Every structure is written in C-alpha cells, then in structure tokens.
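These notes are about the structure you will find just below.
The values are calculated or read from the model by the stated rules, or taken from the named source; none is laboratory data. Source: prediction; values computed, not measured. Cβ sites come from the backbone with ideal geometry, for glycine too, and all protein chains shown count toward neighbours.
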Amino acid sequence: MTPETLVETAVAALDGIRARRPLVHNITNYVVMNSTANALLSLGASPVMAHAIEEVADLASIAGALVINIGTLSGPWIEAMVRAGRAARAAGVPVVLDPVGAGATRLRTDTSLRLIREAPPTVIRGNASEILALGSSGAGGRGVDAAHTVEQARAAAVGLARSTGAVVAVTGEEDFVTDGRREVRVANGHALMARITGTGCAATAVTGAFCAVERDALAAAAAALIVFGVAGELAAAGAPRPGTYQVRLLDALDEVDGGAVRARSRIRVAATA
Amino acid sequence: MTPETLVETAVAALDGIRARRPLVHNITNYVVMNSTANALLSLGASPVMAHAIEEVADLASIAGALVINIGTLSGPWIEAMVRAGRAARAAGVPVVLDPVGAGATRLRTDTSLRLIREAPPTVIRGNASEILALGSSGAGGRGVDAAHTVEQARAAAVGLARSTGAVVAVTGEEDFVTDGRREVRVANGHALMARITGTGCAATAVTGAFCAVERDALAAAAAALIVFGVAGELAAAGAPRPGTYQVRLLDALDEVDGGAVRARSRIRVAATA
Amino acid sequence: MTPETLVETAVAALDGIRARRPLVHNITNYVVMNSTANALLSLGASPVMAHAIEEVADLASIAGALVINIGTLSGPWIEAMVRAGRAARAAGVPVVLDPVGAGATRLRTDTSLRLIREAPPTVIRGNASEILALGSSGAGGRGVDAAHTVEQARAAAVGLARSTGAVVAVTGEEDFVTDGRREVRVANGHALMARITGTGCAATAVTGAFCAVERDALAAAAAALIVFGVAGELAAAGAPRPGTYQVRLLDALDEVDGGAVRARSRIRVAATA
C-alpha cells in the first residue's frame with residue numbers, strides 16, 4: 001500500500017458507500033445517537049440504531065457493519081453489545097469498537113476488554129488515553145478526553161493490534177492506524193472538531209460504513225479517517241463557531257468527494273519496524 | 001371532505017395549535033427525542049418527553065395527545081407504552097403510534113401489534129414496509145427504511161384501518177391516509193427529508209399535535225402531513241445540504257402558515273372502493 | 001456584593017472556565033444530552049455524560065462539578081444520582097440540581113426531595129412551578145413548562161434556600177437567585193430561548209461550570225445566568241427562527257466574553273428582608 005493507492009481506495013470506498021448505502025447497525029451512546037445517525041446519512045450510508053437484546057443479533061447479522069460505542073454504559077446494554085458482536089462475527093459482518101472513556105473508569109476498561117475478548121472487533125478506534133488503557137495497564141484519561149498524545153499511544157496500538165488481530169486507529173492531531181505490520185498516519189482534520197460533542201463517535205461510525213464496502217480493514221479505517229478529516233476541513237471554511245461548525249460538518253460529509261479527497265489527503269504509509 | 005375543506009381544516013388546526021399550545025406527551029426513541037421536541041416547539045405545541053412507568057399514566061391522561069414511537073425498544077419501555085396508551089384512551093386523549101421498524105425484527109412487529117390490541121391508537125403512521133408488516137403477515141423492511149412503495153401498502157393500510165378502527169397514514173413520496181372508508185393522498189414534502197434522521201418521527205409527533213386540536217382523526221392526520229410536507233418544501237429553498245436542511249426544517253415549522261398551506265398543498269381526496 | 005463586583009466575578013469566572021476547562025459531570029435527561037454537552041463545550045468547559053451506577057461515584061468525585069437533571073427518570077438512574085451526589089459532596093465537589101417537572105408528577109417531586117435530602121445540592125435551578133413544588137406543597141406545573149411567574153415563586157425560593165442551605169435559582173423572564181440572605185435578579189435572556197428544548201437544562205449545566213471555578217455559590221449561579229442570558233441575546237441578532245437560533249446559541253456561548261457581559265448585564269442585587 002502506497003499513499004497513492006490508499007487515496008484511490010478511499011475514493012472508491014466513498015463512491016461505494018453512496019452507491020450501495022450499506023446498513024450500519026449502531027449500538028451507541030445516548031449523547032450522539034442523533035448526530036451519529038445524521039453523519040452516516042449525510043455520508044450516504046443507512047444507519048439503524050438499536051440496542052434491545054431481543055433484536056440486536058438479528059440486525060447485526062444482516063448489517064454491512066456493526067458499530068459498538070460504550071459511551072453511556074449500563075448492564076443490559078453490555079449484554080446486548082456482546083450478543084450483537086458475536087452475531088456479527090458469526091455472519092462475517094465487520095465490527096468496529098469505540099472504547100469511549102476506557103481508562104477513565106474500571107467499568108469502561110473492563111467492558112472494552114470483555115468485548116475485545118468475546119466479540120473480537122475488526123477495528124478499534126479510540127483516542128490516545130483509551131488505546132493506552134487497553135494496550136497496557138493502568139494508564140487512564142480524564143473523563144472522555146485524551147490526556148496523552150497519539151505518539152505516546154503508538155506502541156500500545158501496535159501491541160493491541162498484534163494481540164487482538166484488530167486494526168487499531170488512534171485519533172488525534174495526526175491519526176495513527178495500524179494492523180500490527182503496516183501503519184498509516186492521517187493528518188487531516190480541524191481543531192474545531194474537538195469543540196463539538198460526538199466527533200470521535202461519528203468517526204467510528206463512518207469507519208463502520210467504510211468497513212462495509214472495503215475488505216482490507218487497515219485501508220478501510222484509514223480511508224474513513226481521511227474522508228472524515230477532509231470533511232472536517234471543508235466544514236471549517238469561513239472559520240465558523242462551534243454551533244455552525246456542527247451543522248457544516250454534516251453538510252461536508254454530503255459534499256466531500258473524490259476530488260476533495262485527492263486534493264487534501266495528507267497521509268504517510270509505512271511498514272512497522 | 002373535499003380538498004378545499006381539508007385545506008381549510010388544516011389551516012384552522014395549525015392556527016389552533018399556535019393559539020392553544022397543546023401538551024403532546026411523547027414516549028419516543030432516544031435518537032429523535034431532541035429533534036422531535038424541537039419540531040413540536042417550532043410548530044407551536046408544548047412537548048413533554050417521559051417514559052417512566054410511575055408517571056406516564058398521569059402525563060398521558062392530561063395531555064392533548066399521546067405519541068408512542070417504538071424506535072428504540074426495551075422491556076420496561078414497552079410496559080410504560082401500554083400503560084400510557086390505556087390511560088390516554090380512558091381519558092379520551094388521542095393516541096398516535098409510530099411502529100418504527102415493524103417487520104424488520106420480531107420484537108418490533110410484536111410490540112406494535114400488542115399496542116394496537118391493548119391501547120388502540122387513533123392514528124398509526126408508518127412507512128410502507130411497516131404498515132405492510134402490521135396489515136398482513138411476513139413482509140419485512142431492511143432496518144428502519146421502507147423497502148416498499150406506498151402504493152404497495154395501500155390495501156394493507158385500508159385493511160388495518162378497518163380491523164383496528166385507527167386512521168392509518170403511510171408516508172412516502174406521496175402519503176396515503178385512510179380511515180377505511182375515505183382516503184387522502186398528500187404529495188407534499190421534499191427528497192431531503194429522507195437525508196436526515198427523525199423526519200418520520202417528527203411527522204408522527206406533529207400528527208399528535210393536530211389530533212389534539214382536530215377531532216376528525218382522518219382530517220387531523222392528513223392536515224399534519226400537509227403542513228409538515230409544506231414545511232419540508234419551504235426548508236429546501238436554496239437547495240441546502242442535509243445539516244443545514246435539518247436546521248431549516250425547524251425554522252420552516254415555525255414559518256409555515258395558512259398562506260403557504262393554501263398555496264402549496266397538493267392533495268387528492270376519495271372514497272375507498 | 002454589588003452589581004459591579006458581581007459582573008467582574010462573572011467575567012473572571014468565564015475567563016477561568018476557558019483557562020481551566022473544568023470537567024463537568026452530567027447525569028441528565030436523554031432529550032438534552034447532546035445539546036447540553038455542546039453548550040458546555042462551546043462555553044469552554046469539558047463535559048462528561050455518565051449515569052452507570054458502577055462509575056458515577058468515580059467520575060463525580062474527580063469532576064469540577066456534578067450536574068443532576070431529572071428530566072427523564074427511571075429507577076436505576078435515581079440510585080445513580082443519589083450515589084453520585086453523595087460522592088461529590090464527600091469530595092467537596094459542588095452539586096447542581098435541576099428538578100425538571102417537579103410538581104407535575106409525584107415521581108419527580110419525590111425524587112427531587114430525596115436528592116435534596118440525601119445529597120444536598122450546592123445550587124438548585126428550576127422554573128417557578130418547580131421551585132414552588134419543592135418549597136411548599138401541592139403546587140404543580142403542566143408538563144415541564146412553568147405555570148407560575150418567577151415572582152410567585154420568590155418566597156418559596158427563599159424558604160427552600162434557608163431550609164436546605166442551597167442557593168436557589170428561579171429562571172424566567174427575570175431570573176431570581178437567592179442564598180436565603182442575599183438575592184440577585186438577572187434580566188438577561190431572550191424570548192426565543194423558550195422556543196427550543198433544553199435551554200433550561202443548558203443553563204443548569206452552565207451553572208455547574210461556573211460553580212467549578214467560583215466558590216461563592218450565589219455569585220457562581222448568578223454569573224452563570226448572566227453569561228447564559230447574554231449569550232441568548234447575542235444569538236438573537238437578526239431575529240432568527242428557532243432552528244437557526246439553536247445553532248447560534250451554541251455559537252454565542254463561544255463568542256460571549258467580558259466585553260459583552262459588561263455591556264449587557266442587567267442585574268439587581270439586594271439583601272433579603
């Protein structure tokens with residue numbers, strides 16, 4: 001994989017999402033359900049948000065991807081996440097995990113580790129503190145914001161990818177994506193993305209949409225972050241304040257296309273030492 | 001009922017909502033709670049969102065209408081929906097049911113049928129796949145999007161109306177509303193409404209507001225879809241992308257008035273064969 | 001405290017929020033989780049939304065403030081609110097309570113009174129009907145909107161402050177804030193704030209952010225209402241409709257600064273008779 005082939009994969013996957021409108025099943029937190037569904041709709045995918053234990057297996061197994069986000073946990077939801085994850089795995093449906101706040105509380109760390117063990121994800125996307133908490137032991141964030149840099153989490157990400165078989169994406173100023181052998185850095189995005197809630201959650205859901213149309217999970221995860229980051233840049237035109245930026249980010253997920261991706265992608269590709 | 005009298009009923013009901021600010025009690029899904037409350041506020045109604053089994057009967061029985069939306073189900077909520085529906089019926093409060101995803105999973109189909117049986121709704125509003133799932137047996141959607149056309153669901157809608165006594169509204173490119181004897185078709189609306197989440201849910205909630213001020217449930221349901229559809233058209237001025245469109249739809253629910261409704265309504269009225 | 005010193009305290013606290021980005025732990029209702037998190041982010045604070053009983057004590061005790069909002073109650077959440085409130089108190093973390101709908105249903109009144117008893121709040125912020133329901137007995141609102149004026153709730157607010165030791169803030173056309181000895185009236189704000197959902201909830205969360213950086217709870221609560229009200233006025237420029245207003249209110253929480261606060265604050269300060 002070269003930067004050039006990755007960009008073309010990203011463009012092809014984006015076109016594929018719009019042509020095939022993959023069903024993306026989300027079990028996500030209350031805070032971002034609406035904004036996540038709208039991000040997927042703006043991008044061109046077809047979201048369904050459902051968490052009832054009676055129906056998650058049915059939905060996950062017919063979806064193009066399952067996205068599990070632990071942002072607002074409770075007991076029954078954890079069981080539903082495990083059941084959905086297993087059903088998706090059994091049906092060959094890619095699973096993307098967002099371990100929101102792992103490291104900040106034991107409940108979140110333990111739940112993330114249980115999900116990784118019992119329903120191994122295809123992609124894990126988190127901030128540096130979350131990946132550190134899962135890749136090593138003891139490091140913790142403050143609330144749900146990263147207290148570490150992406151570079152600090154690099155070794156933990158590689159280790160986590162190797163031990164779980166998942167692609168691991170650490171997002172931050174420059175995103176780092178690895179499958180344990182190859183690594184991609186994505187420098188797209190905008191500082192305003194940290195000023196609205198749910199941007200990371202939306203990036204995870206968008207990763208689900210890309211996994212639904214692209215089988216190489218490393219390429220899919222990197223492509224999702226490129227496209228999402230480019231949309232974040234398009235939305236920042238005119239230097240809007242946060243409320244307006246949130247609206248424009250949805251507009252930009254609809255607007256972003258191959259031309260914008262080719263013109264704006266800022267990526268590095270390497271083999272892992 | 002002629003198209004002309006229906007339009008005047010719609011205008012009078014819209015004015016009535018703004019004059020009386022009816023309390024609309026919503027038991028709805030997590031994804032759309034915020035956008036639904038805002039849609040009702042923009043229209044001029046007074047929303048309350050509450051689902052605790054300890055209080056739903058109290059609220060439903062003093063409301064102008066009860067709206068039950070099964071978009072994100074779980075066991076305790078189902079019991080609360082049944083209790084609220086019964087209390088509303090006992091108090092003469094109209095009940096509007098949105099069977100989100102009926103046909104897509106057994107839990108949703110069964111819950112919809114139970115609600116229809118135990119707390120018969122005044123109006124059922126769904127997409128074609130949902131109404132087919134309730135009006136016949138076996139047909140199913142994919143996720144929560146319609147996989148069928150409104151016309152395909154026409155006979156099921158008439159049958160469901162006749163067997164339950166409810167007005168049935170099937171929404172799509174041209175909406176179909178029936179009480180089993182009369183039928184109204186509403187061609188208002190805009191394609192962008194399908195690009196944001198919760199539009200159908202908002203239409204159901206708006207139907208609740210119209211039922212609170214207009215006793216003829218067929219006229220109320222049709223009026224709601226006319227007004228909501230006209231608002232959807234007003235919001236599309238300037239061809240916005242989805243994020244901006246979502247904001248403008250709320251603006252348009254505040255802006256829409258008798259003049260816009262009279263100028264833009266596109267309806268057909270007929271007796272059912 | 002004079003109006004002049006209160007304004008300077010408000011400006012200093014606003015600057016303090018932006019410099020220190022206090023972590024504000026919210027246990028709030030489903031309807032406003034997203035908009036509340038965004039309001040805090042736009043203001044400059046760092047929100048975390050979490051309600052699981054297993055983790056609320058951990059989060060509340062490391063937060064700068066805990067905000068408890070009872071807008072959509074259920075049994076497990078009530079226990080989590082009590083546990084979080086106790087942990088915050090034990091750690092010296094200020095607790096802000098929003099008794100949404102107190103007086104409208106017994107569940108809400110009883111839960112508010114239990115929280116006041118078992119985890120005494122630093123500040124209670126409600127509308128007139130809610131404060132009347134807690135400060136006296138029997139008065140009730142309709143749904144979650146105030147059916148009384150702020151002035152009608154004045155004596156109840158003073159009594160509630162004296163009996164609980166909390167600062168009590170009654171919001172409405174002119175807000176009334178008291179600690180039982182001193183009182184502040186804040187006339188800032190805009191009528192459009194009542195046309196979107198969650199404005200009161202956001203004001204409560206913003207009060208939490210101010211309590212995190214200002215130890216005089218009366219000054220913190222008044223400062224929060226001044227700053228939030230001024231933002232509400234800035235957002236109304238150009239007379240937007242409700243959808244656009246909601247977006248601009250977030251923008252204005254980012255934009256509001258010492259200059260705007262000094263130029264626009266409309267407050268009265270008095271000793272309570």
Take segment B:106-132 and flag every residue that is more than 14 Å from chain A (Cβ to nearest Cβ), assigned to a helix (DSSP H, G or I) and buried (at least 24 other Cβ atoms within 10 Å of the Cβ).
B:ALA128, B:ILE131, B:LEU132
If you go through segment C:72-83 one residue at a time, how many are away from chain A (no Cβ under 12 Å) and either crowded, with 24+ Cβ neighbours inside 10 Å or touching a Ser or Thr at 6+ places or on another chain (Cβ under 8 Å) (or both)?
3
Do we find that B:ARG185 is within 16 Å of the chain's Cα centre (by Cα) and basic (Lys, Arg) in this structure?
yes
Could you list all residues from segment A:184-199 that are surrounded by 24 or more Cβ atoms within 10 Å (Cβ to Cβ) and touching a strand residue (DSSP E or B) at 6+ places or on another chain (Cβ under 6 Å)?
A:VAL184, A:VAL186
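Out of the residues in segment B:234-273 meeting the condition of being in a strand (DSSP E or B) and in contact with a helix residue (DSSP H, G or I) (Cβ under 6 Å, 6 or more places away or on another chain), tell me which one is nearest to the other protein chains (Cβ to nearest Cβ).
The selected residue is B:ILE267.
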Looking at (1) surrounded by fewer than 24 Cβ atoms within 10 Å (Cβ to Cβ); (2) under 21 Å from B:ARG108 (Cα atoms), which is the one condition that is false for A:ARG89?
(2)
Test: residue in segment B:217-234 that is of a type in the set (A, V, I, L, M, F, W, C), surrounded by fewer than 22 Cβ atoms within 10 Å (Cβ to Cβ) and over 19 Å from the mean Cα position of the chain (by Cα)
yes
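So which of C:ALA220, C:ALA203, C:ALA231 ends up being in a helix (DSSP H, G or I) and either on the phi > 0 side of the Ramachandran plot or in contact with a Cys (Cβ under 6 Å, 6 or more places away or on another chain) (or both)?
Step by step, each of C:ALA220, C:ALA203, C:ALA231 is checked, and only C:ALA220 is in a helix (DSSP H, G or I) and either on the phi > 0 side of the Ramachandran plot or in contact with a Cys (Cβ under 6 Å, 6 or more places away or on another chain) (or both).
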Give the residue that is nearest to A:LEU192 (Cα to Cα), with candidates limited to residues of segment A:236-273 that are small (Gly, Ala, Ser) and under 19 Å from the mean Cα position of the chain (by Cα).
A:ALA252
Hits in segment B:61-71 (condition: within 11 Å of chain C (Cβ to nearest Cβ) and either in contact with a Leu (Cβ under 6 Å, 6 or more places away or on another chain) or basic (Lys, Arg) (or both)):
B:ALA63, B:GLY64
Subset of segment B:26-53 [facing chain C (nearest Cβ under 8 Å) and not hydrophobic (A, V, I, L, M, F, W, C)]:
B:TYR30, B:ASN34, B:ASN38, B:SER42, B:SER46, B:PRO47, B:HIS51
If we scan segment C:5-21, do we find a residue that is outside any helix (DSSP H, G or I) and more than 16 Å from the chain's Cα centre (by Cα)?
yes
How many residues are surrounded by fewer than 21 Cβ atoms within 10 Å (Cβ to Cβ) and in contact with an Asp or Glu (Cβ under 8 Å, 6 or more places away or on another chain) if we restrict to segment A:18-43?
0
By residue number, the members of segment A:133-168 that are at pLDDT 90 or above, of a type in the set (A, V, I, L, M) and part of a loop (DSSP other than H, G, I, E, B) are A:VAL150, A:ALA166
Taking the condition of being under 14 Å from the mean Cα position of the chain (by Cα), in a helix (DSSP H, G or I) and of a type in the set (S, T, N, Q), how many residues in segment C:36-69 meet it?
1
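Looking at segment A:155-204, which of the residues that are polar (S, T, N, Q) and in contact (Cβ under 8 Å) with a residue 60 or more places away in the chain is nearest to the other protein chains (Cβ to nearest Cβ)?
A:THR197
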